[in-house]
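The values are calculated or read from the model by the stated rules, or taken from the named source; none is laboratory data. Because the structure is predicted, anything quoted here is derived from the model rather than measured. Virtual Cβ from ideal backbone geometry, glycine too; neighbours counted across all protein chains shown.
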Amino acid sequence: MRLDDSIAAIVTGGASGLGFAAAQSLRATGVRVSLFDRNAAQGEAAAAALGAMFVETDVTSEASVEAAFAAARAVHGQERILVNCAGVANGVRTASRDKTTGAPKHFPLDQFARVIEVNLIGTFRCIAKAAAGMMTLEPLDGERGAIVNTASVAAQDGQIGQAAYAASKGGVVGMTLPIARDLAAEAIRINTIMPGIFNTPLMQSLPEPIKDALALSVPFPQRLGDPAEFASLALEMLRNRYFNGECVRLDGAIRMPPR
């Protein structure tokens with residue numbers, strides 16, 4: 001995919017972290033970027049910093065996503081690029097005991113469903129709507145569009161308390177190849193990145209000793225991932241026309257332990 005000011009892109013979860021890094025790298029190539037995010041204050045600030053557009057969006061809402069795509073297209077035109085970074089996480093065991101009484105309890109199913117709604121269904125919702133829009137375009141250098149998703153190493157190495165998160169990210173990995181096959185006849189590619197431990201705002205909020213321990217758990221390079229490294233791989237997946245249907249770990253060779 002050509003990356004220049006003739007191309008429009010949408011980045012979900014673009015107000016911070018990996019999404020912001022991807023948007024920043026896209027803007028550096030001249031691509032017109034729309035940031036979709038729930039956090040209006042962060043989103044407006046990020047858009048101002050990047051020279052991008054911000055649209056407040058809830059990826060779990062059909063109406064919100066429809067309106068967001070319409071708003072972005074009204075300003076930047078039909079997107080040829082979608083980068084999905086919107087996501088949430090929680091840490092709850094499938095079943096456990098109350099620390100005070102010892103009574104058994106189970107994972108609240110509404111919390112499980114919430115993670116699936118955002119990470120898996122929200123990702124698919126944006127893919128489907130972007131792909132349908134891309135199909136209205138004429139091919140450019142042989143392709144109509146390209147999509148990059150964000151999963152996690154938890155899709156393969158889910159830890160204690162990550163049943164919902166691992167299921168949601170495993171779903172993103174599992175649907176990548178079928179979607180690539182669905183969209184192949186329309187000249188639209190899709191790939192997924194499985195990041196390891198990255199130095200996002202969430203990580204920056206942790207105490208230094210915990211961050212240091214996490215960094216030491218990475219075989220090489222022995223540090224947290226830089227969001228710019230995620231963005232670099234995302235841009236390669238977008239640029240390289242033979243990159244399709246792949247799910248790639250970006251993790252410094254880490255394999256997550258049970259806890």
How many residues are closer than 24 Å to Glu208 by Cβ, out of contact with any helix residue (DSSP H, G or I) (no Cβ under 8 Å at 6 or more places or on another chain) and either outside any loop (DSSP other than H, G, I, E, B) or of a type in the set (Ser, Thr, Tyr) (or both) when one looks only at segment 221-235?
2
Restricting to segment 124-155, count the residues that are in contact (Cβ under 8 Å) with a residue 12 or more places away in the chain and assigned to a helix (DSSP H, G or I).
11
Could you run through segment 236-259 and say how many residues are in a helix (DSSP H, G or I) and without any contact (Cβ under 8 Å) to a residue 60 or more places away in the chain?
1
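Rundown of residues vs (1) crowded, with 19+ Cβ neighbours inside 10 Å; (2) assigned to a loop (DSSP other than H, G, I, E, B); (3) under 16 Å from the mean Cα position of the chain (by Cα); (4) among the polar types (S, T, N, Q), yes/no style:
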| residue | (1), (2), (3), (4) |
| --- | --- |
| Ser96 | no, no, no, yes |
| Gly122 | yes, no, yes, no |
| Ile160 | no, yes, no, no |
| Ser168 | yes, no, yes, yes |
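For every residue, the table says whether it meets (1) among the small types (Gly, Ala, Ser); (2) at pLDDT 95 or above; (3) under 13 Å from Val11 (Cα atoms); (4) assigned to a loop (DSSP other than H, G, I, E, B).
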residue	(1), (2), (3), (4)
Gly43	yes, yes, yes, no
Ala47	yes, yes, yes, no
Val55	no, yes, yes, no
Ser64	yes, yes, no, no
Phe69	no, yes, yes, no
Ala72	yes, yes, yes, no
Gln78	no, yes, no, yes
Val83	no, yes, yes, no
Ala86	yes, yes, yes, yes
When residues of segment 124-141 are limited to those that are aliphatic (A, V, I, L, M) and buried (at least 21 other Cβ atoms within 10 Å of the Cβ), the one nearest to Ser34 (Cα to Cα)
Ala130
Identify the single condition in (1) outside any helix (DSSP H, G or I); (2) of a type in the set (S, T, N, Q); (3) within 23 Å of Thr192 (Cβ to Cβ) that Thr100 does not satisfy, given that it satisfies every other one.
(3)
